[in-house]
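Written out below as C-alpha cells is the structure these notes cover.
Just so it is clear, none of the values below were taken in a lab; they were calculated from the coordinates. Because the structure is a prediction, the values reported are computed rather than measured. Note: ideal-geometry Cβ built from the backbone for every residue, glycine included; neighbour counts use all protein chains shown.
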C-alpha cells in the first residue's frame, strides 16, 4: 500500500497562510516562533502572488529566461524545459504592473505606507533563516508584527480585490478568510504588547 500527499497551488498558498495563523498564536509564549512565521508568511505571500499572476498559463510567474525558452520549445515542437518560478521580489514587481490586468475587472497592486519596505524586510529575514550561516544573530522583533500585517494586507488584496484569483471552491475561500482574520487579530495583539513593553521600558 502506498501513501500519497497531494497538493496544488491553492493548497500550498492556503496551508502556508494557516501556518501563519497557527504560529502567530505561539509567539506570545515562544519568541523563537517568529522564524517559522516569517518563513510561512513568505511562502504564503509568494503563493498568492502566483495565484494572482498565473491566469490561464504560467508565463507570468516564470523567470524571463525560462518563459522565453519554454515558448521557443513549444513553437519548435521540442521537449519543454523545466519551469522555473521567478524570484519573490520579481513576482512582487509583477503584481504592481500591467501583467495583473488580465481581465476587465483586474486591478494591479499599489503599495501604501510601509508595505513596500515590509516586503523587502520579509524577504531578507526569510533568506537569512533559510540560508543561515553559522553566527550569533540578535533580531529586533518589535517591528515584525507590522511587517507581517503589511504582508497579510497584500494577500488580502490579491485574494479579494485584484479580481484575478478565481475561487472555484467556497471551502478554500473560507479557509483563507479565516486564517487571515485570525492571524491579523493575533498580530495586532502582539504589536500592542510590544509597544506597551517599549513604552514601559521593559524587555
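Using 1/(1 + (r/R0)^6) with R0 = 25 angstrom and r between the beta carbons of residue 75 and residue 98, what's the FRET efficiency to the nearest 0.05?
Values: r = 24 Å, r/R0 = 0.96.
Efficiency, rounded to the nearest 0.05: 0.55.
If you average the sequence gap of Cα pairs under 8 Å that are 6 or more apart and divide by the length of the chain, what percent do you get for the contact order? Walk me through the intermediate numbers first.
On the way: 213 pairs, mean separation 55.6, N = 203.
27 percent.
Ranked highest first by the average count of other Cβ atoms within 10 Å around their residues, in what order do 81-88, 9-16, 129-136, 25-32 fall? Spell out each step's value before the answer.
On the way: 81-88: 14.5, 9-16: 18.5, 129-136: 8.1, 25-32: 13.0.
Averaged packing, sorted descending, gives the order 9-16, 81-88, 25-32, 129-136.
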inquiry  = Along the Cα→Cβ direction, 7 angstrom out, place labels at residue 178 and residue 11. What is the inter-label distance in nm?
reply    = 1.8 nm
ask   = If only Cα atoms are counted, what is the Rg of segment 29-198, and what is its Dmax, in Å?
value = 18.1, 63
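Arranged by the count of other C-beta atoms within 10 angstrom, fewest first, what order do 91, 80, 144 take?
Working: 91 20, 80 10, 144 24.
The fewest-first ordering by Cβ neighbours comes to 80, 91, 144.
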task = Whole Å is fine, so just give me how far the alpha carbon centre of segment 52-72 lies from that of segment 142-190.
result = 26 Å
request  = Please give, to one decimal in nm, the separation of the simple spin-label points placed at residue 63 and residue 200, each 7 Å out from Cα toward the Cβ.
outcome  = 5.0 nm
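May I ask you to derive the FRET efficiency for residue 124 and residue 166 from their Cβ-Cβ distance with R0 = 41 Å, giving the value to the nearest 0.05? If you can, show how the numbers build up before the last one.
Working: r = 32 Å, r/R0 = 0.79.
Here the calculated transfer efficiency is 0.80.
Apply the a/c threshold of 1.5 to the C-alpha gyration tensor of segment 1-40 and tell me whether it is rounded, prolate or oblate. Please report the intermediate quantities before stating the final value.
Working: a/c = 3.40, a/b = 2.12, b/c = 1.60.
Here segment 1-40 falls in the prolate category.
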